[in-house]
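Here the structure is laid out as structure tokens; the discussion comes afterwards.
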Amino acid sequence: MAIYKITYSEKYRRATLHNFGCNFHCRGCTYRLKKQTRPASFPAIHQIQDCLRRVAPASVHFMGGEPTTNPQLPELLAFCKRELGVATRLGHTNGSGLVLDNLDGSNVSFKVFDDDLHRQYTGCSVLPALDNFRRSFSAGIEMRASTVFIPDFGGLGQVEKVAAFVAGVDRKIPFHVLGYIPVPGAPWRRPTDDEMAEAVNVARRYLDQVTFSHFTSEQAKDLTRRDERFAVEQVL
């Protein structure tokens, strides 16, 4: 598990470190759409640090795969805070790994709430992620959360349970509902527009800030034209 590339958004002055590998085996993972293969090489940590010094970002985000599986993460977070003095965030994490030191924010993606369904979907228990979410919020980390809405796997009931859990921590936590994007090898369908609207309304019964996305498989392969946050250049 290691950083394999760095991208940079000039508009937002945001550097994103992309980690290869994940400890979950999600049946509906959208990385299957891109047929990601193991990189031929990985930059050394001093190369990562030199790159960050050069681009001088205002914030640094860590993405996956799963960023908390990277043994370099604590050192890189400390570098970003102590030397660069910038904001740090786990831009996307499954919540299975707890990170508190030198971290400003974390965006946790909950697949489903019930542990048996979570094991079926990811191969892992959801319980550590739930506990880590609570502990991170209590430690003062700015938390965000999301869930995947799969009508034929968990459905509205799981969206409601995740939303209720997050609201139990703090109903002001920003929450995002992602409409399931069909991927090769998984049996489920994409939600309809009406189903998606219902899922969002369910979440809004519990939480004050709810957003959503509802992409097709083709749209998900290239989001740069649909969301300017994805308009980045690779800098390492």
Worksheet, complete the sentence: Scanning region 66-96 for residues that are under 19 Å from M143 (Cα atoms), in a loop (DSSP other than H, G, I, E, B) and not aliphatic (A, V, I, L, M) gives E66, N94, G95, S96
Discussion item. Tell me yes or no: at least one residue of region 184-191 is touching a Pro at 6+ places or on another chain (Cβ under 6 Å), at negative phi and either buried (at least 20 other Cβ atoms within 10 Å of the Cβ) or at pLDDT 95 or above (or both).
Written reply: yes
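Yes or no, residue by residue, for (1) under 27 Å from S217 (Cα atoms); (2) within 17 Å of the chain's Cα centre (by Cα); (3) buried (at least 21 other Cβ atoms within 10 Å of the Cβ):
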{"residue": "I3", "(1), (2), (3)": "yes, yes, yes"}
{"residue": "N19", "(1), (2), (3)": "yes, yes, yes"}
{"residue": "G28", "(1), (2), (3)": "yes, yes, no"}
{"residue": "P39", "(1), (2), (3)": "yes, no, no"}
{"residue": "H46", "(1), (2), (3)": "no, no, no"}
{"residue": "V60", "(1), (2), (3)": "no, yes, yes"}
{"residue": "P67", "(1), (2), (3)": "yes, yes, yes"}
{"residue": "F79", "(1), (2), (3)": "no, no, no"}
{"residue": "D114", "(1), (2), (3)": "yes, no, no"}
Practice prompt. Could you pull out the residue among G140, G179 that is under 30 Å from D104 (Cα atoms), modelled with pLDDT of 95 or more and exposed (fewer than 13 other Cβ atoms within 10 Å of the Cβ)?
Written response: G140
Worksheet, complete the sentence: Apart from one, (1) touching a strand residue (DSSP E or B) at 6+ places or on another chain (Cβ under 9 Å); (2) of a type in the set (A, V, I, L, M); (3) in contact (Cβ under 8 Å) with a residue 40 or more places away in the chain; (4) over 21 Å from H25 (Cβ atoms) all hold for L103; the odd one out is (3)
Worksheet item: Could you say which residue among A145, A167, A129 is buried (at least 19 other Cβ atoms within 10 Å of the Cβ), at negative phi and in a helix (DSSP H, G or I)?
Response: A129
Practice prompt. Could you list all residues from region 148-177 that are under 26 Å from R89 (Cβ atoms), touching a helix residue (DSSP H, G or I) at 6+ places or on another chain (Cβ under 6 Å) and in contact (Cβ under 8 Å) with a residue 40 or more places away in the chain?
Written response: F149, V159, A163
Worksheet item: When you go through (1) closer than 22 Å to V99 by Cβ; (2) surrounded by fewer than 22 Cβ atoms within 10 Å (Cβ to Cβ) one by one for D152, which number turns out not to apply?
Response: (1)
Practice prompt. Would you be able to say whether some residue in region 7-24 is β-branched (V, I, T) and part of a loop (DSSP other than H, G, I, E, B)?
Written response: no
Practice prompt. Name every residue in region 167-207 that is among the acidic types (D, E) and within 20 Å of the chain's Cα centre (by Cα), in order of residue number.
Written response: D170
Worksheet item: Does V112 meet the test of being modelled with pLDDT of 95 or more and assigned to a loop (DSSP other than H, G, I, E, B)?
Response: yes
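The values are calculated or read from the model by the stated rules, or taken from the named source; none is laboratory data. If you're wondering where the values come from, they're calculated on a predicted model, not measured in any experiment. Cβ: placed from backbone, ideal geometry, glycine included. Neighbour counts: every protein chain shown.
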